[in-house]
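The values are calculated or read from the model by the stated rules, or taken from the named source; none is laboratory data. Bear in mind the structure is a predicted one, so any value in this text is a computation, not a measurement. Backbone-built Cβ (ideal geometry, glycine too); neighbour counts: all protein chains shown.
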Amino acid sequence: MIEVVDLSFSYNHKPFIEHMNFSVQKGEIFGFLGPSGAGKSTLQKILTGLIRGYRGNAIVNETECKSYKNDFYENIGVDFEFPSLYEKLTGRENLKFFGSLYSKELRDIDEALKMVGLQNDGGKKVSEYSKGMKSRLNFIKALLHNPDILFLDEPTNGLDPNNSRIMKNIILKEKEKGRTIILTTHNMVDATELCDRVAFIVNGSIKALDSPHNLIMSKGAAKIKYTFMDGKEETRECLLNKTSEDMMLYELIKSNRIVSIHSSEPTLDDIFAEVTGSVLQ
Ligand SMILES: Nc1ncnc2c1ncn2[C@@H]1O[C@H](COP(=O)(O)OP(=O)(O)O)[C@@H](O)[C@H]1O
Ligand SMILES: [Mg+2]
């Protein structure tokens, strides 16, 4: 569905994205994961035809992004990082207006509002909406025309846990329908839960690309931490795949002296820090 080959781009003659390559299959949720300023939104802008001055190929739905025709947008839906809505219009009027730009059949607007808990707010002007309400309206605006490919730039940013859960469930439902989804985020919990594959992006380049599971397992360092009494309480650690070599653990188990035992896998955050040398904010 998406093919990026030898992509390069610079904002001010200074190279930013250099020789980037990746592809996204139909039906995949693909994550752009990286700290602020990494280039995630820039990449999304290239793939949605907003930035055309790139070199190499950025092919979306068989179209080279810089030379798209108007029907390009019939099959893609974009949820921008910052909501783009008409403040003087109501939520429902915004959806009607943006929906009218497409020739495709649209979702039912009231059902769409209900999906994100805005069923009682469709008649209010967007200027009266809270930040979270605008994010939710902007999100369903991207889904209105049932696009094959969805680009979601930080869709859960700034939402409370309940609304964030609702959004994530909608994203998973869209995947079930066979949609291809690009999810930009700096939230590794969301990335681990939702993405089939993630690209770690730092300073305009991809530092790693794989499924969250493989990335976590690639460092393979699941550990156990055990506590025991030895006059006072003591805690020790050992690698999960090396427990048979830990004689102290063996003796403690034999003499029933273990007070507590926990296993822990590295998180995607840990792997990100290890691979890229930077932290997600
Ligand atoms: N229009 C622009 N002109 C010049 N520099 C820009 C522009 N937009 C973004 N940048 C710079 O490009 C880098 C990547 O930005 P962005 O793609 O928004 O990152 P992210 O979405 O990962 O936070 C940042 O250093 C940002 O300052
Ligand atoms: Mg961004």
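Observations on the structure shown:
- Test: N70 is closer than 29 Å to I2 by Cβ, assigned by TED's automatic domain parsing to the domain that holds N187, out of contact with any helix residue (DSSP H, G or I) (no Cβ under 7 Å at 6 or more places or on another chain) and modelled with pLDDT of 95 or more: no
- Residue count for region 159-189, restricted to those that are farther than 16 Å from G77 by Cα and more than 14 Å from the chain's Cα centre (by Cα): 7.
- Lone qualifier among T184, T192 - being of a type in the set (S, T, Y), assigned to a strand (DSSP E or B), under 26 Å from N146 (Cα atoms) and touching a residue at least 12 places away in the same chain (Cβ under 8 Å): T184
- Scanning region 154-172 for residues that are among the charged types (D, E, K, R) and over 13 Å from I140 (Cα atoms), we see that the one that is nearest to ligand 1 (Cβ to nearest atom) is E154.
- Looking only at region 11-37, and only at residues there that are out of contact with any Ser or Thr (no Cβ under 9 Å at 6 or more places or on another chain) and modelled with pLDDT of 95 or more, the one that is farthest from ligand 1 (Cβ to nearest atom): S23
- Screening I201 on (1) more than 21 Å from L118 (Cβ to Cβ); (2) more than 15 Å from ligand 2 (Cβ to nearest atom); (3) of a type outside the set (S, T, N, Q); (4) touching a residue at least 40 places away in the same chain (Cβ under 8 Å) shows it passes everything except condition (2).
- Meets criteria (free of Cβ contacts under 8 Å to residues at least 40 places away in the same chain and either within 16 Å of ligand 2 (Cβ to nearest atom) or in contact with a Cys (Cβ under 8 Å, 6 or more places away or on another chain) (or both)) for F32: no
Here's the yes/no breakdown for (1) in contact (Cβ under 8 Å) with a residue 12 or more places away in the chain; (2) at positive phi:
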site: V5; (1), (2): yes, no
site: F9; (1), (2): yes, no
site: Q25; (1), (2): yes, no
site: G39; (1), (2): yes, yes
site: G49; (1), (2): yes, yes
site: E62; (1), (2): no, yes
site: N75; (1), (2): yes, no
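- On inspection, N146 passes the criterion of being at positive phi and not in a helix (DSSP H, G or I).
- Single residue of region 22-77 satisfying the filter (in a loop (DSSP other than H, G, I, E, B) and small (G, A, S)) that is surrounded by the most Cβ atoms within 10 Å (Cβ to Cβ): G34
- Tally of residues being within 30 Å of A191 (Cβ to Cβ) and of a type in the set (V, I, T) across region 244-279: 6
- For region 182-227, filtering for residues that are of a type in the set (K, R) and within 16 Å of ligand 1 (Cβ to nearest atom) leaves 1.
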